[in-house]
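Asks: This is the structure I want to talk about, given as C-alpha cells.
The values are calculated or read from the model by the stated rules, or taken from the named source; none is laboratory data. Everything quoted here is computed from the prediction, not taken from an experiment. Cβ atoms come from the backbone with ideal geometry, glycine included; neighbour counts cover every protein chain shown. Each accessible area value is taken on the protein alone, full model and side chains, heavy atoms only, with ligands, DNA and RNA left out. Shrake-Rupley method; radii C 1.70, N 1.55, O 1.52, S 1.80 Å.
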Amino acid sequence: MATDNEINQMYDALVSALRGLRLDWVIEEVEAQVALGRLSVKKVRPAEFKARFEDRHNQENYVNKPKGQSLKFVVSEEYTPRERLMILLDAVESAVVQTVEVARYITLNDNIEIQGLQNIEFFSEQTGQSFRINPTQVLLYDESVKKLARLLGQLRQRV
Amino acid sequence: MTTNQDLLDEIQTTLGEALIPSLTTSSAADDLYEAYIFSLVIEAARAEGAAHIEFKSRNNASPTSFVFRTSPGYLNSSAKDYGYAEIEFTGKPILEAHLGVRIEGHSEVLHECDICVLLKSEAELCRLSPMRIAPRSKTVIIAVEAKYYTTDLSLNLGRAFLGLVSDSSAEKSYFVVNRNSDSIEKLLTHKKKYWEHKIIPQNRNEVNRLRSMFQVAFRDFKAKHRL
C-alpha cells in the first residue's frame with residue numbers, strides 16, 4: 001500500500017503528464033471536484049463549536065440550553081490523497097478510454113444505422129473548425145486504449 | 001514485479017499512444033458524446049417499429065459523410081451540408097432528428113438543444129426559410145441535454161436543465177450524462193424530470209433503460225397521432 005506522500009507524488013506526476021498532452025481541461029475538472037469536497041448531509045451541533053456567537057438567537061439556542069439543537073447541513077469534507085488520485089484516474093479513463101469507446105460505438109457497431117457512413121465530421125460554425133472520425137482511425141488506437149485501461153486498473157489496486 | 005514508479009511511467013507513455021489527436025479537447029469529447037446519444041435515439045425509433053429511417057443532409061438526399069453541428073445553429077444554415085435523420089412511423093407525421101439546433105421556448109427565448117426530434121413539417125419550414133427561424137418547442141417530441149464530464153457533475157448543470165425545461169413545450173426532455181452526480185439526480189428526481197446517468201457503451205443496463213425511455217417517447221407520439 002502506497003503512503004500518502006507517494007500517492008501525492010503519483011498525482012503530481014500524472015497531472016504533469018496530462019499538461020504535457022494538453023489535457024488541461026481534465027485537470028481543471030478534477031480540481032473543481034476536489035475543491036468541492038466530498039459532500040454528505042450531517043447533523044451539526046453548533047454547541048460543539050465552542051464559540052461565542054454574536055447572534056443572540058444562536059447564543060440562546062445553541063449554547064445557553066443544556067442540550068443545544070442540532071441542525072442538518074450539507075457538509076463538505078476534504079478528499080484524502082488516495083481519493084484524490086482515484087478521482088484523477090477515473091477522469092483519465094473518461095477522457096481517453098471512454099471517449100474512444102464512444103467513438104468506436106458510433107463508427108463500428110453493427111447495429112448502428114450511422115455506421116454505414118464513411119466519415120463523420122463535426123463542424124463548428126462559431127470557430128469554423130472541424131474534426132473527423134472514421135472506423136480505421138478508431139481501430140488504430142484500440143490496443144493502446146485497452147492497455148491504458150488495464151494499467152489504470154492495476155494502479156488503482158496498488159494504491 | 002514492477003514498482004509503482006514503473007507502472008506510472010508506463011501509464012504516462014501509454015497515455016500519449018492512446019490519444020486520438022482529434023479527440024483531445026473537452027469540446028470534442030462532448031460532441032462525440034452527443035453523436036452517441038443521437039445514435040441511441042435512432043436505435044429507439046427502430047426498436048419502436050419505425051417503418052423508415054434515412055440519413056439525409058440539407059443538399060444531398062443520401063450523404064456518404066455525415067456532418068454534425070458542434071455549436072448550436074439554425075436549420076437553414078448553409079455553412080455545411082449538415083446531416084439529420086428522417087424517421088417515419090406508418091401513418092404518422094414524419095419526424096426528423098437533429099443535433100445542435102436552437103429551439104424557441106414559451107418566452108420566445110431561443111435555447112440550445114443538443115439532440116432533438118421534431119416534426120418534419122416544422123423542420124422543413126425552418127430549413128427552407130430565407131430568414132433564420134428556430135423551430136417552436138411545441139413541435140419537439142424529444143429534447144436531450146447530453147453532458148460528458150470526466151468527474152462528477154456540478155449542480156449548476158441540473159439547474160440549467162430545469163431552466164430549459166421550464167421554458168420549453170417539448171413533449172419529453174431528458175438530461176443524460178456519462179457519470180454520476182448525486183446532487184443533480186436528487187434535484188431532477190425531486191422535480192420529476194427525466195434523467196439518466198452513467199450512459200457509456202459498456203453500461204448496458206443504463207443504456208437499455210435510456211433507450212427504452214426514448215422508445216416510450218416514440219410510442220406516445222404514435223398514440224397521440226392515432227386516427
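Asks: Let me spell it out: the conditions are (1) surrounded by fewer than 18 Cβ atoms within 10 Å (Cβ to Cβ); (2) at the interface with chain A (Cβ under 7 Å from one of its Cβ atoms); (3) not charged (D, E, K, R), and residue B:33 meets all of them except one. Which number is the exception?
Replies: (1)
Asks: Check residue B:176 against each of (1) open to solvent by less than 60 Å² (accessible area, probe 1.4 Å); (2) out of contact with any His (no Cβ under 9 Å at 6 or more places or on another chain); (3) of a type in the set (Val, Ile, Thr) and name the one condition it does not meet.
Replies: (2)
Asks: Does residue B:47 fit the bill of being among the small types (Gly, Ala, Ser), out of contact with any Gly (no Cβ under 7 Å at 6 or more places or on another chain) and closer than 23 Å to residue A:140 by Cβ?
Replies: So residue B:47 does not fit the description; no.
Asks: Collect the residues in segment B:1-30 that are open to solvent by less than 10 Å² (accessible area, probe 1.4 Å) and out of contact with any Phe, Trp or Tyr (no Cβ under 9 Å at 6 or more places or on another chain), keeping them in residue-number order.
Replies: Restricting attention to segment B:1-30, the residues satisfying the condition of being open to solvent by less than 10 Å² (accessible area, probe 1.4 Å) are B:7-8, B:11, B:14-15, B:18, B:20, B:23, B:28-29.
Across segment B:1-30, the qualifying residues are B:7, B:8, B:11, B:14, B:15.
Asks: Starting from residues that are out of contact with any helix residue (DSSP H, G or I) (no Cβ under 6 Å at 6 or more places or on another chain), in a strand (DSSP E or B) and farther than 23 Å from residue B:66 by Cβ, keep the ones in segment B:105-138 and report whichever is most open to solvent (accessible area, probe 1.4 Å).
Replies: B:136
Asks: Hey, does segment A:34-45 have a residue that's in contact with a Gly (Cβ under 7 Å, 6 or more places away or on another chain) and within 11 Å of another protein chain (Cβ to nearest Cβ)?
Replies: The answer is no; no qualifying residue exists.
Asks: Looking for something more than 7 Å from every other protein chain (Cβ to nearest Cβ), modelled with pLDDT of 85 or more and in contact with a Pro (Cβ under 9 Å, 6 or more places away or on another chain) - is there at least one such residue anywhere in segment A:113-128?
Replies: no
Asks: For the structure I just gave you, tell me whether residue A:59 is open to solvent by less than 60 Å² (accessible area, probe 1.4 Å) and closer than 19 Å to residue B:151 by Cα.
Replies: So residue A:59 does not fit the description; no.
Asks: Note down all Cβ pairs under 8 Å where the first residue falls in segment A:129-156 and is over 14 Å from residue B:11 (Cα atoms) and more than 9 Å from chain B (Cβ to nearest Cβ), the second is open to solvent by less than 20 Å² (accessible area, probe 1.4 Å) and in a helix (DSSP H, G or I), and they're at least six residues apart or on different chains.
Replies: Cβ pairs passing all conditions: A:134/A:107; A:135/A:107; A:142/A:100.
Asks: I'd like the full set of residues that are over 15 Å from residue A:120 (Cβ atoms) and either at pLDDT below 90 or open to solvent by less than 10 Å² (accessible area, probe 1.4 Å) (or both), limited to segment B:36-49.
Replies: B:40, B:41, B:44, B:45
Asks: Output yes when any residue across segment A:46-54 is within 14 Å of chain B (Cβ to nearest Cβ) and surrounded by fewer than 12 Cβ atoms within 10 Å (Cβ to Cβ), and no when none is.
Replies: So in segment A:46-54, the residues within 14 Å of chain B (Cβ to nearest Cβ) come out as none.
Within segment A:46-54 (the criterion being within 14 Å of chain B (Cβ to nearest Cβ) and surrounded by fewer than 12 Cβ atoms within 10 Å (Cβ to Cβ)), the answer is no, since none of the residues qualifies.
Asks: Scan the strands (runs of 3 or more DSSP E) fully inside segment B:18-102 and keep the ones with 1 or more residues being under 26 Å from residue B:168 (Cα atoms), in contact (Cβ under 8 Å) with a residue 24 or more places away in the chain and among the polar types (S, T, N, Q).
Replies: Values: elements: B:52-57, B:65-69, B:83-88.
Passing ranges: none, list empty.
Asks: Of the conditions (1) more than 30 Å from residue B:18 (Cα to Cα); (2) surrounded by 16 or more Cβ atoms within 10 Å (Cβ to Cβ), residue A:84 satisfies every one except a single condition; which number is it?
Replies: With respect to (1) more than 30 Å from residue B:18 (Cα to Cα); (2) surrounded by 16 or more Cβ atoms within 10 Å (Cβ to Cβ), residue A:84 is out only on (1).
Asks: Just one of the numbered conditions (1) of a type outside the set (Val, Ile, Thr); (2) within 26 Å of residue B:69 (Cα to Cα); (3) more than 7 Å from chain A (Cβ to nearest Cβ) is not true of residue B:9; which one?
Replies: Only one criterion is unmet by residue B:9, namely (2).
Asks: Let me ask something else. Going through segment B:58-102 one residue at a time, which ones are more than 12 Å from every other protein chain (Cβ to nearest Cβ) and closer than 21 Å to residue B:27 by Cβ?
Replies: Within segment B:58-102, just B:98 meets the criteria.
Asks: Got a sec? Which of B:155, B:187 is of a type outside the set (Lys, Arg), open to solvent by 60 Å² or more (accessible area, probe 1.4 Å) and out of contact with any strand residue (DSSP E or B) (no Cβ under 6 Å at 6 or more places or on another chain)?
Replies: Of the residues listed, the single one that is of a type outside the set (Lys, Arg), open to solvent by 60 Å² or more (accessible area, probe 1.4 Å) and out of contact with any strand residue (DSSP E or B) (no Cβ under 6 Å at 6 or more places or on another chain) is B:155.
Asks: Shifting gears a bit: Scan segment B:160-187 for residues that are assigned to a helix (DSSP H, G or I) and under 18 Å from the mean Cα position of the chain (by Cα) and jot them down. Reasoning before the result, please.
Replies: The initial filter retains those residues of segment B:160-187 that are assigned to a helix (DSSP H, G or I), namely B:160-166, B:182-187.
Listed by number, the residues that qualify are B:160, B:161, B:162, B:163, B:164, B:165.
Asks: Working only within segment B:159-184, note down all residues that are within 14 Å of chain A (Cβ to nearest Cβ) and either over 25 Å from residue A:97 (Cα atoms) or touching a Ser or Thr at 6+ places or on another chain (Cβ under 6 Å) (or both).
Replies: If the condition is that a residue be within 14 Å of chain A (Cβ to nearest Cβ) and either over 25 Å from residue A:97 (Cα atoms) or touching a Ser or Thr at 6+ places or on another chain (Cβ under 6 Å) (or both), then B:183 is the only one that fits.
Asks: Right, something else. Collect the residues in segment A:12-24 that are crowded, with 16+ Cβ neighbours inside 10 Å, at the interface with chain B (Cβ under 10 Å from one of its Cβ atoms) and part of a helix (DSSP H, G or I), keeping them in residue-number order.
Replies: Answer for segment A:12-24, where residues must be crowded, with 16+ Cβ neighbours inside 10 Å, at the interface with chain B (Cβ under 10 Å from one of its Cβ atoms) and part of a helix (DSSP H, G or I): A:14, A:17, A:18.
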